[in-house]
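Reviewing the structure listed below.
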Amino acid sequence: MPEASSQFRVLGGTRLVGEVNVTGAKNSALKLMAATLLAVGESTITNIPDIADVHIMSELLTRLGCTCTFDAKTGTMKILVPEVPGHRADYDLVRKMRASINVLGPLVGRIGKVEVALPGGDAIGSRGIDFHIKGLIDLGAEAHSEHGYVIATAQSGLIGADIFLDFPSVGATENLLTAAVLAKGVTTIDNAAREPDVVDLGEFLIGMGAKIEGLGTSTIKITGVSQLQPTTHATLADRIVAGTWAFAAAITQGDITINGGRIEHLEVPLDKLVEAGAVVTKTPNGFRVKMTKRPIAVDVATLPYPGFATDLQPFVITMNAIAEGNSIVTENVFEGRFMFVNEMQRLGADIHIDGHHASITGIPQLSGAPVAATDIRAGAGLVLAGLVSEGETTVEDAFHVDRGYPGFVESLRALGAKVERI
């Protein structure tokens, strides 16, 4: 694993041209790994990305009594789940990765008790777990937080219920979905998250024997079963990584073919790239993005799927920072995302923040400077910004990027970028 203290050094002035391969989605793989806790025996998950968060989730599951075997070359993870797994996820691991909270639903659903430290992860704003706790209480659990832990018990098992989410939270939808599959009776989750990652998790659960209807819609219906069986499943391709490379092509006036990317999962972002002047074409195994001129500024508002993903917000800000014209980017999901703007300003970007709006005046070129990554996507966005900056840019805290992008430097260099880890 790369050193936590490492940084990226980027030299500006290179178009990115060539092909990249998109592996399985981080946001799906971690949830699939947690969901294996629902069935005794060995489940196999393929197309797992070799990233830091996968190793953290493996360690968490190992501490819960599972045996995890990962072949990084083939992207295959085998997880052997014991008859009685542990039920406590400690802070030292959970603080490193927010997806640790996804053991909550499977454990309370299957063994009737769980203690999970309140999660950490990226510094992108408040992401409370009130929806998770309220939903579990609706399912008949006793759930609360104390001393930095979420504690839930259901001594007699969970009971199906009608649950309404005030916000279509991905994490809450996933935890309630994994809790409800073993509950007695029927559960409906209204205003459920519709992200492809949620659909992927649901299909994994169906492969284990769960009865689920309505995946990909705002109402999911789960009919509880008495037990589930291990299964084999291929992780969905990572739409955020695919979107990152799509914006990288537009930002650098490049031409990138994104193998494994699914165009149907990126309709809104790709429409914005076309609006900015890019040519997007479907290929047999993905899609291609080509930009032959300076981008035209585009207005964007982030929204839950199928809207413009908050995880792609740093990339549209980077593009708009060197685009022709003025734009407004509105952040409706995570207020802390704009921490990235402070670093962009160090590169000379003309950006002003007013509440959850960023007003951007495009300039022809940024200016290289030392900056620091505050989260996974901000780190990747700053590297791309360095590619369109005069001179040298160093991006501190490269470990953030390692959490979401396998072989990021290698992929960039293969596209012609002058970038190295130091």
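Derivation of every value follows stated rules applied to the coordinates shown; laboratory data play no part. Keep in mind that this is a model prediction, so the values were computed, not measured. Heads up, the Cβs are rebuilt from the backbone with ideal geometry, glycines too, and the neighbour counts pull from every protein chain shown.
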Inset, instruction - At a Cα cut-off below 26 Å, give the lysines reachable from residue 293, other chains included and same-chain residues fewer than 8 away excluded. - result: 272, 282, 418
Legend entry - Sequence-separation-based contact order of the chain, relative, with Cα cut under 8 Å and 6+ spacing, percent: 20
Inset, instruction - Report, in debye and to the nearest 20, how large the dipole of the chain comes out about its Cα centre when Lys and Arg carry +1 and Asp and Glu carry -1 on their Cβ. - result: 680
Inset, instruction - Give me the percent of DSSP beta bridges within segment 25-148 that run antiparallel, rounded to the nearest 5. - result: 85
Legend entry - Magnitude of the charge dipole, segment 26-234, Cβ model with Lys/Arg +1 and Asp/Glu -1, debye to 20: 220
Inset, instruction - Work out the charge dipole of the chain with +1 on the Cβ of Lys and Arg and -1 on the Cβ of Asp and Glu about the Cα centre, then indicate which of 21, 64, 177 is farthest towards its positive end. - result: 21
Legend entry - Percent of beta bridges antiparallel (DSSP, the chain, rounded to nearest 5): 70
Legend entry - Stretch gain in nm, segment residue 155-residue 361, where the contour uses 0.36 nm per residue and the Cα spacing is subtracted: 68.4 nm
Legend entry - Ratio of Rg to Rh over segment 222-355 (Cα coordinates, Kirkwood Rh, two decimals): 1.07
Inset, instruction - Could you pull out every one of the lysines with an alpha carbon less than 29 Å from that of residue 211, ignoring same-chain neighbours closer than 8 positions? - result: 26, 31, 78, 113, 134, 184, 221
Legend entry - Fluctuation leader among 75, 12, 105 - the chain, Gaussian network, Cα springs under 10 angstrom: 75
Inset, instruction - Grab every C-alpha pair in the chain, bin the distances at 10 angstrom width from 0 up to the longest one, and report whole percents. - result: 5, 23, 32, 24, 13, 3, 0
Legend entry - Positive-end residue, the chain charge dipole about Cα centroid, Cβ charges, pick of 79, 376, 55: 79
Legend entry - DSSP-loop trypsin sites (Lys or Arg not before Pro) across segment 1-97, with at most 10 other Cβ within 10 angstrom: 73
